[in-house]
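Student: Pasting a structure below so you can have a look.
The values are calculated or read from the model by the stated rules, or taken from the named source; none is laboratory data. Bear in mind the structure is a predicted one, so any value in this text is a computation, not a measurement. Reconstructed Cβ throughout: ideal geometry from the backbone, glycine too, with neighbour counts over all protein chains shown. Calculation scope for accessible area: heavy atoms of the full protein, side chains included, ligands and nucleic acids excluded. Shrake-Rupley method; radii C 1.70, N 1.55, O 1.52, S 1.80 Å.
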Amino acid sequence: MHVTASLIIDTPLPTLERLADDALLLQWSEDTTNTAPIRALCAALREAALPWLRDLVPAYDSVGVFFDPRQSTASEIGAYLQDTLRRLPAGATERDAARLIEIPVCYGGEHGPDLESAATELGLTAADLARRHADGDYEVALIGFAPGFPYLRGLDPTLALPRLATPRTRVPAGSVAIGGQQTGIYPRASPGGWRLIGSTPLRLFDVERAPPSRLLPGDRVRFVAIDAAGFADRNEHDLS
Amino acid sequence: MSLKVISSGPLSTVQDLGRSGWRHLGVGLAGALDADAARIANRLVGNAADAAVIECTLQAPTLELLQPCRLAICGAPLQGRYRGADDSLLTIDSGRRFDLLPGRIELGRLRGAARAWIAVSGGIDVAAVLGSRSTDLRAGFGGLLGRALAADDVLPLGAARTDFTRSRAAPWSIRVDAPPRTAVLRYVPSAQPAAVALARREWQIDARSNRQGLRLSGDALPSPPANGISAAVAPGTIQLPPDGQPIVLLADAQTVGGYPRLGDVIGADRNRLAQLLPGQRVRFEAVSVEQARELATQRAAAMAALEHAIAQYGGN
């Protein structure tokens, strides 16, 4: 006899809020650090190939659910979501299934113009800050701000840095940065207020690729330090 | 099959009904800010509702038609001019279908509202990116090279039947109402304490508003201490930044935001958001979720009736 485990996850159920005529927000308690239910819920909903489902937006402690109001109603979908949450499989608490993506980073110098000042502010040497940043085991908590911009959870709390009082008008594509308790990567040149400690030569978002984003919500990420020559060898950014 | 931009106006972009399915990767909706207007303009020229159109802002473009095409404009009222290669003249107005032989249309400024949508038979046939032809200005893809239109751009058009032999205006049109002086925006309030206070004061549209959001100015609302944890937001979401001046998100908004949410402008009033001008006054009126749903149903029915009427008159 084949037995499938189906246990209830020991995590409080989220509250359900309206976001728009065609969107709901599932909000877990703010101090939750267990993202497994968020990942499992998104996987279960995608697996079910629901005709009303347009978009899922997983974040730190919430999931936005966008639907086609011609296919279903907010109350029906709300009930379906609560029911799905109650039936999430026990395996949902494991993170072993997450992909591990390595991101090469050239720290400091022209590739990380804020590394020195940030290190001084933290009472570290630049080399220590770079090493401790690269030692982290990160998870893509959400992708937002811009297409392909990963907000990474797992920054060593002693490396937290305030954002710039006046954001830069242009942060180069590939910049690896710290903003508050988070670290992230700018996929495309844009304005930004995070502290730039390094750069990756990888292109994080490309509409010609499938999927267009190199990182996906839930991925595990490790940074691998490279030197300027290594950066030049692997540079995928548009140099024009 | 193509048309050429002679002058673009301050912000003209290629848009369809927007992009969905990619919000988890940070890709927002984009698309016509008033999807209903884009849909009706398309129906007037015999296109599918989701064909790509030109969205223009404050000032409409001047376009050179390089072959015969059907054209219609919805949204803000305007008074434009068509001059054919054979020197025939027509006055171009909103809400009407035109059969036009090659020539130039000069559409001028929009009257009393911020935006209009120009549909051309066959649709603007730029390549679809991630399932949509809409221009995502912040991300720099979609539409024509991911950017706003500029003079000398040539826009490809899809195939369409244009077997008419002279330029003419259809003898019927859709009524285009003048926008009210003070717009009322209906919204479903969130549980935030400031959500109800939003409706108690009058707001003015700030000049820094754009396709990402309408910035409102007025007596500052008490801003609750934000936890700043980013979560999904949607077009229509009303955010309250620390300065107490609300922002109503539009189609080009980011997919996530960390400011407290005061609620959302209901779908039935999304078209009003698209038309507000800098300096214009707006009020908010709270409605229940049930009322929002009822209003959405009514609006969908009115739109379906309008599309049906256009199909009935289509041959004339």
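Student: Can you give me the Cα centroid spacing of region B:274-288 and region A:99-161 in angstrom?
Tutor: Computed from Cα coordinates, the inter-centre distance equals 42 Å.
Student: Before I look further, what does region B:182-296 give for accessible area per residue, probe 1.4 Å, in whole square angstrom?
Tutor: 39
Student: Work out the charge dipole of region B:2-173 with +1 on the Cβ of Lys and Arg and -1 on the Cβ of Asp and Glu about the Cα centre, then indicate which of B:Trp22, B:Leu101, B:Val126 is farthest towards its positive end.
Tutor: Of the listed residues, the answer is B:Trp22.
Student: Using only helices, what value at 222 nm comes out for chain B when you add -39,500 (n - 2.57) per DSSP H run of length 4 or more and divide by the total residues, to the nearest 500 deg cm²/dmol?
Tutor: So the calculated ellipticity at 222 nm is -4500 deg cm²/dmol.
Student: Now for a different question. Quote the charge dipole size of chain A about the Cα centre in Debye, to the nearest 20; the model charges only the Cβ of Lys and Arg (+1) and of Asp and Glu (-1).
Tutor: 240
Student: Another question, then. Principal axis lengths of region B:1-155 from Cα atoms, whole Å, largest first?
Tutor: Here the spans come out as 52, 30, 28 Å, largest first.
Student: Sequence-distant or interchain residues sharing an amide H contact under 5 Å with A:Ile101, placed H: which?
Tutor: Under 5 Å from the amide H of A:Ile101 lie the amide H atoms of A:Arg220, A:Val221, A:Arg222, each far enough along the sequence or on another chain.
Student: While we're looking at this one, here's another question. For region A:15-93, which whole percent of the accessible surface, found with a 1.4 angstrom probe, sits on carbon and sulfur atoms?
Tutor: 51
Student: Right, another one. Can you compute the label reach from A:Val224? Point 7 Å from Cα along the Cβ direction, backbone N cut-off under 13 Å, restricted to region A:191-206.
Tutor: A:201-202
Student: In whole Å, how far is the Cα centre of region A:187-233 from that of region B:12-64?
Tutor: So the two Cα centres are separated by 31 Å.
Student: Nearest 20 debye, what's the magnitude of the dipole of the protein assembly as shown about its Cα centre given +1 on Lys and Arg Cβ and -1 on Asp and Glu Cβ?
Tutor: With only Lys, Arg, Asp and Glu charged at Cβ, the dipole is about 1520 debye.
Student: Could you tell me which of B:Met1, A:Val224, B:Val289 has its Cα farthest along the dipole of the protein assembly as shown towards the positive end, charges placed at Cβ (Lys, Arg +1; Asp, Glu -1), taken about the Cα centre?
Tutor: So the residue we want is B:Met1.
Student: What's the magnitude of the charge dipole for region A:168-219 around its Cα centre, counting Lys and Arg as +1 and Asp and Glu as -1 at the beta-carbon? Answer in Debye, nearest 20.
Tutor: Charge dipole, region A:168-219, about its Cα centre: 200 debye, nearest 20.
Student: Using only Cα atoms and rounding to the nearest 10 degrees, what angle (0 to 90) does helix A:74-86 make with the longest principal axis of chain A?
Tutor: Roughly 80 degrees, rounded to the nearest 10.
Student: Stretched out fully, how many nm does the piece from B:Ala127 to B:Thr91 gain, at 0.36 nm a residue minus the Cα gap?
Tutor: Length gained between B:Ala127 and B:Thr91: 9.8 nm.
Student: On the principal axes of its Cα set, how long, how wide and how thick is chain A? Give whole Å, largest value first.
Tutor: Computed over chain A, the largest-to-smallest principal extents equal 56, 39, 36 Å.
Student: Could you work out how far apart the two model spin labels at A:Ser117 and A:Asn235 are, taking each label as a point 7 Å from the Cα in the direction of the beta carbon, and quote it in nm?
Tutor: So the two model labels end up 2.4 nm from each other.
Student: Can you give the convex hull volume of the alpha carbon atoms of region A:100-234 per residue, in Å³?
Tutor: Here the figure is 97 Å³ per residue.
Student: Against the longest alpha carbon principal axis of chain B, how many degrees, from 0 to 90 and to the nearest 10, is the axis of helix B:35-44 turned?
Tutor: That works out to roughly 20 degrees.
Student: If amide hydrogens are placed 1.01 Å from N in the peptide plane, which non-local residues have theirs closer than 5 Å to the one on A:Leu50?
Tutor: HN-HN under 5 Å from A:Leu50: empty list.
Student: Taking each pair of distinct Cα atoms in region A:15-93 once, what is the resulting Kirkwood hydrodynamic radius in Å?
Tutor: 12.7
Student: Find which of A:Thr158, A:Ala177, A:Ala126 sits farthest along the positive direction of the dipole of chain A, computed with +1 on the beta-carbon of Lys and Arg, -1 on that of Asp and Glu, about the Cα centre.
Tutor: My answer, from the dipole projection, is A:Ala177.
Student: How much area per residue is accessible in region A:100-234 when the probe is 1.4 Å and only protein heavy atoms are counted (Å²)?
Tutor: On a per-residue basis, 41 Å².
Student: Now, a different point. Which of B:Pro171, B:Pro246, B:Pro260 moves most in a GNM of chain B, Cα contacts under 10 Å?
Tutor: For chain B, modelled as a Gaussian network with Cα springs under 10 Å, the answer is B:Pro171.
Student: Considering the protein assembly as shown, what Rg and Dmax in Å follow from its alpha-carbon atoms?
Tutor: Rg and Dmax of the protein assembly as shown, Cα atoms, are 25.1, 84 Å.
Student: So how much accessible surface do A and B hide from each other in total, probe 1.4 Å, in square angstrom to the nearest 100?
Tutor: Counting both chains, the buried surface is close to 2800 Å².
Student: Let me ask something else about it. Can you classify region B:182-296 as rounded, prolate or oblate using the Cα gyration tensor, where a ≥ b ≥ c are the square roots of its eigenvalues, rounded means a/c under 1.5, and otherwise it's prolate if a/b beats b/c and oblate if not?
Tutor: Taking the square roots of the gyration eigenvalues as a ≥ b ≥ c, region B:182-296 is rounded.
Student: Within 10 Å of each Cβ in peptide A:20-28, how many partner chain Cβ atoms are there on average? Round it to a whole number, please.
Tutor: Per-residue shielding by partner chains comes out at 6.
Student: In nm, give the distance between the simple-model label positions of B:Val196 and B:Ala300, each being 7 Å from the Cα along the Cα-to-Cβ direction.
Tutor: If labels sit at B:Val196 and B:Ala300, their model points lie 3.1 nm apart.
Student: Among the trypsin sites (Lys or Arg not before Pro) in region B:169-200, which ones are in a DSSP loop with at most 11 other Cβ atoms within 10 Å of the Cβ? Mind listing them?
Tutor: In loop regions of region B:169-200 (DSSP not H, G, I, E or B), the sparsely surrounded trypsin sites (Lys or Arg not before Pro) are B:Arg175, B:Arg181.
Student: Still on this model: Enter the angle in degrees (range 0 to 90, nearest 10) between the Cα long axis of helix B:289-313 and the first principal axis of the Cα atoms of chain B, meaning the one along which they spread out most.
Tutor: The angle comes out near 0 degrees.
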